[in-house]
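Down below is the structure, laid out as structure tokens.
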Amino acid sequence: MICIAIINLKGGVGKSVTACNLAAELEAKSKSVLVVDLDKQGNTSKFFGVLDYDSPSIAEIMLGVCRAPGAVVDTNLAAVNLIPCDMRMLKANRMILMDNGPRQYHLRDALKDVSANYDYCIMDCPPDLDMGSINALCAADWVIIPVDCDEWACDGMREIIDQIEQVQIDYNPRLKIMGALLTKYRRTRYAADVIHTIAEKLPGLALLPTVIRYTVRVSEAKSAHKPLRTFSPDCTAALDYKALAEKVESIVSNVDTEED
């Protein structure tokens with residue numbers, strides 16, 4: 001199972017939208033996908049219509065109260081399952097911080113119970129460097145950093161890169177950055193400035209060649225709780241997420257081949 005963490009310290013950059021639509025596009029390529037929602041706001045869980053405070057969530061898994069198979073739920077996509085998240089994650093974060101053991105590996109160890117069932121695990125991280133995000137980085141093989149194209153797009157990017165590098169050194173040497181993903185892309189001065197700023201201030205951070213173009217269809221699909229490929233398959237963002245899935249597959253296969 002290839003694990004990909006979707007992370008950025010800014011909210012509203014398209015982390016959940018990317019997690020949901022990348023999962024849908026990978027499923028369309030005959031891949032089985034587990035989506036792990038780690039954001040207490042539960043946007044990914046809401047998107048798939050599975051938010052339920054009476055059922056186990058990622059919080060119970062992180063606290064060791066529930067094993068991963070007991071929290072996995074079906075979605076409206078046949079080969080996509082989800083481990084949901086909600087406000088219970090607030091308490092889980094506080095309790096994990098008081099843990100004297102190796103608290104960075106709760107998620108990695110829990111996912112071993114389900115890793116044989118899926119080709120991919122997509123982890124939707126919160127806009128914080130909390131224990132959920134740290135656990136995701138320790139469990140991940142790859143990181144995608146969505147970056148929206150506005151004037152404050154690069155806020156917090158240095159902190160993310162520093163944290164990823166620290167995790168690589170201390171906990172997870174196999175972790176690799178797949179790249180920054182430009183979202184809500186339009187050919188504007190701000191978009192050009194974002195590209196220039198990333199190249200200037202973060203020279204080691206690659207930009208993924210696929211960009212997610214801005215379209216109102218993204219918001220409409222989110223409100224309809226449908227991935228773009230079924231809600232509006234011919235819109236620009238749907239085509240872009242399809243291209244992103246193809247790029248992800250290409251990068252993962254090439255690295256796997258090199259490692260073999």
Item checked: Surface/4 estimate of mean projected area, convex hull on alpha-carbon atoms of the range 21-114, nm² -> 5.9
Notebook entry, point to check: What do you reckon, how do LYS31, LYS201 stack up by accessible area (1.4 Å probe), largest on top?
Noted result: LYS201, LYS31
Item checked: Burial order of peptide ranges 209-219, 75-85 (average beta-carbon count within 10 Å, highest first) -> 75-85, 209-219
Item checked: Accessible-area composition of the chain, carbon plus sulfur, in percent [1.4 Å probe] -> 49
Next item on the list: Take the alpha carbon gyration tensor of the range 112-260, find the square roots of its eigenvalues, order them as a ≥ b ≥ c, and report rounded if a/c is under 1.5; if not, report prolate when a/b exceeds b/c, else oblate.
Entry: oblate
Next item on the list: Calculate, axis by axis, the spread of Cα positions in the range 157-197 along the three principal axes, and write the results as whole Å, longest axis first.
Entry: 40, 16, 13
Notebook entry, point to check: Given a cut-off of under 8 Å on Cα pairs at least six residues apart, what relative contact order in percent is computed for the range 23-111?
Noted result: 35
Item checked: Estimated FRET transfer efficiency when R0 is 45 angstrom, pair LEU90-ARG187 (beta carbons, to 0.05) -> 0.65
Notebook entry, point to check: Per residue, what accessible area does the chain have, given a 1.4 Å probe and all protein chains present, in Å²?
Noted result: 45
Notebook entry, point to check: Can you work out ³J(HN,Hα) from phi for every residue in the range 4-15, in order, using Karplus 6.51 cos²θ - 1.76 cosθ + 1.60 and θ = phi - 60°, giving whole Hz and x for Gly and Pro?
Noted result: 10, 9, 9, 9, 6, 6, 8, x, x, 9, x, 5
Checklist line | Isotropically averaged projected area of the range 109-197, using the convex hull of Cα atoms (one quarter of hull area), nm² | finding: 6.7
Next item on the list: Before anything else, pin down the relative contact order of the chain: Cα pairs under 8 Å, at least 6 apart, normalised by residue count, whole percent.
Entry: 24
Notebook entry, point to check: What order do you get for 106-114, 165-173 when each peptide is scored by the mean count of other beta carbon atoms within 10 Å, highest first?
Noted result: 106-114, 165-173
Next item on the list: Tally the DSSP beta bridges in the chain and give the antiparallel ones as a percent, rounded to 5.
Entry: 5
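The values are calculated or read from the model by the stated rules, or taken from the named source; none is laboratory data. Keep in mind that this is a model prediction, so the values were computed, not measured. Quick reminder, even Gly has a Cβ in these numbers, built from the backbone with ideal geometry, and neighbours come from all protein chains shown. Note: areas computed on protein heavy atoms with side chains; ligands, DNA, RNA excluded. Shrake-Rupley method; radii C 1.70, N 1.55, O 1.52, S 1.80 Å.
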